[in-house]
1. Would you mention how many residues in segment 385-407 are of a type in the set (A, V, I, L, M) and either at pLDDT below 95 or not assigned by TED's automatic domain parsing to the domain that holds M430 (or both)?
2. Quick check on my filter: what residues within segment 458-481 are surrounded by fewer than 20 Cβ atoms within 10 Å (Cβ to Cβ), in contact with an Asp or Glu (Cβ under 7 Å, 6 or more places away or on another chain) and not hydrophobic (A, V, I, L, M, F, W, C)?
3. Which residue is surrounded by the most Cβ atoms within 10 Å (Cβ to Cβ), if the candidates are limited to segment 616-651 and must be touching a residue at least 12 places away in the same chain (Cβ under 8 Å) and more than 26 Å from G486 (Cα to Cα)?
4. Among the residues of segment 109-142, write down those that are buried (at least 24 other Cβ atoms within 10 Å of the Cβ) and not in a helix (DSSP H, G or I).
5. Given the criteria at pLDDT 90 or above, among the charged types (D, E, K, R) and not in a strand (DSSP E or B), does E240 qualify?
6. Can you pull out the residues in segment 415-429 that are modelled with pLDDT of 95 or more and of a type in the set (F, W, Y)?
7. Looking only at segment 498-529, count every residue that is among the small types (G, A, S) and closer than 16 Å to S574 by Cα and tell me the total.
8. Would you be able to tell me the number of residues in segment 498-540 that are out of contact with any Asp or Glu (no Cβ under 7 Å at 6 or more places or on another chain), over 16 Å from T556 (Cα atoms) and acidic (D, E)?
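The values are calculated or read from the model by the stated rules, or taken from the named source; none is laboratory data. What you see is a predicted model; the values in this text were computed from it and never measured. In this analysis, Cβ positions are derived from the backbone assuming ideal geometry, glycine residues included, and neighbour counts consider all displayed protein chains.
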Amino acid sequence: MNAEPGIPAQIDDYRILHRIGHGGQGSVFRAEDPHGTPVALKVIHDELSKDPDHRRRFLREVELARRVAPFCTARVLDVGVLGDRPYIVSEFVPGTSLHHVVQKEGPRSGGGLERLAVATATALAAIHRAGIVHRDFKPSNVLMGPEGPVVIDFGISRALDHTATMSGSIGTPGYMAPEQIENGEVTPAADVFAWAATMVFAATGKRAFPGDTVPQLINAIMNRPPVLTGVPSGLRPLIEQALNKNPALRPTAAELVKNLTGDEFHVETAPLPPTPPPPPVKKSRRPAWLAAALAVVVAGGVLTWQFWPDADDSATGEGTKITTSLTPAPVTFGKPVGDPIEVQENDVRAVALTEIGGRTVVVSGGDDNTVRVTDLNTREELYAMPGHEKWVRGVATGNLDGAEIAVTAGDDGTVRLWDLRKGTQWSNSMLGHDGGVKCVALGTVDGALVAVAGGEDGTIRVWDIHSGEQVGEPMTGHEGTVWGVGLAEVDGAPVVVSTGDDKTVRVWDLSTRQQIGEPMTGHEGWARSVAIGTLDGKPIAITGGSDKTARIWDLTTRTSIGSPLTGHTSWIWSVAFAEIGGKPVVVTASEDKTVRVWDLTTSTEIGAPLEGHTDRVWTVAVGTVAGKQVAVSGGRDETIRMWDLQPPLPG
């Protein structure tokens, strides 16, 4: 996808080539200037630029960034306005972020780590000399270019600070200085703290202040000493000084450079505070709201956080930001959990949830022909896995010989198997369909793990996952494309439930490949999706279709149950089954841009529609993240969104 709605092929003197990232600030494009020189052009999101005063402030702040001497920084070349949307043009640096490099290749060491420390400290010194504070220094804002490390996005967070909160300050958890969290004070000393935290990550592959959640990270930064295990002894004293919780006792960026390059450097330091016994309570000038927030964390309560994923972070995984305007409040059923996840570079067609090493992840596929794995707790993209040559239509997750896997279906006619711990394709593609494959599910037959897929050729096919070989003959009977497959057990036997363009829902004996009974009818249009569940102890299927309804089927008797679920104003593209507080429910995703939750015992909608997607919603799945039940949806707006499904349910 070369651009996005509202972005022309030419912006002033710059020809847009293709998008290379997008997120909460805006979209970043690779472009060319009039001489054919490659540049990076960032267009700020429309909703961040509607206020004329804010636009003027933005342009003023970016003009300051243009004064930075180009020592190890990506130069800001130009700034302008596209309609009401500001844009920034900077030097294009081919390379991968430090965050991505460490994740893929491991920590930096030896001369490579030393050069990284010098280059980034030199960049900060140049930025500070221009009267600018970076405000968001972190591993994903350091590009490992062909000529060495380059710091990007300096001054941009300041220019956009008004978009988050008029009293707080933007930053990234794990790299924010204590004073930045405590009272929003951001000075060059905060950049030095972030530099030191970044160097710890570079040297060890771990954060200086560990924590699996934002509240844990905040607590560690405010109350605990950094974890410096693995930091080389020659660098460790400087890192300790730069991570002092008192900004007045940190070295300046210029002093960092002097020390790293061999000049004499002495700074008076105070000892780091001892680790306090739990619950952590630090009596200081911390404002009341923060003390209350940390107290709620200790008590196991819930906090509301604002997240601002950065436009350049969608491919690096270090994209969760937080404002300091935190408010302790319960997250209620149906509310969004965090900001949208923006990793797919085109429509999100399929999502599935699984766990990798205790972390809940979403595996997504879409129209950018990639399969991506994203940590739902940290919002970090772990892998982007290319291979499909056309749109990825279906995703299923499972376990093979103790390893987490995903199986995907693509319009390129292939079914593919992925190792989710390594981020690589496991084996050769599974072939057999004549045309695009629209759906896939995982199950077992006689103890063997199999993939079941349906597609444009109207067939349902089965593959042995271990061998990659097709098992038996395809199941035929649908007239037109098969859009959904699900695996269930009826009377102790494995069955496949399928939906298709012929408006029918069919049940197949997975062992014999024979259709069981007559097709189930009732949908007045294409049947596009299926989910498997239980109701009153009986196996059921829930299907959604172009007639704007979802329907419930008893798989034992192959008859409809209850009334159709009505309320969507357009096609239902995806359905997912769940039990919430012991109540069986179905979650539906629709062309009408909404996600809805239904009580299967009464065939009625629970609460209000879940609204937030700005275009049709293609897919939905359910699971548990950090102990909370959630729905995860993806759509044509290229976002993945998460919704709270925790009881109590609305009446």
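1. 2
2. Matches in segment 458-481: E479, G480.
3. D637
4. H134, R135, D136, F137, K138, V142, listed by residue number.
5. The answer is yes for E240.
6. W418
7. Looking only at that region, the number is 5.
8. 1
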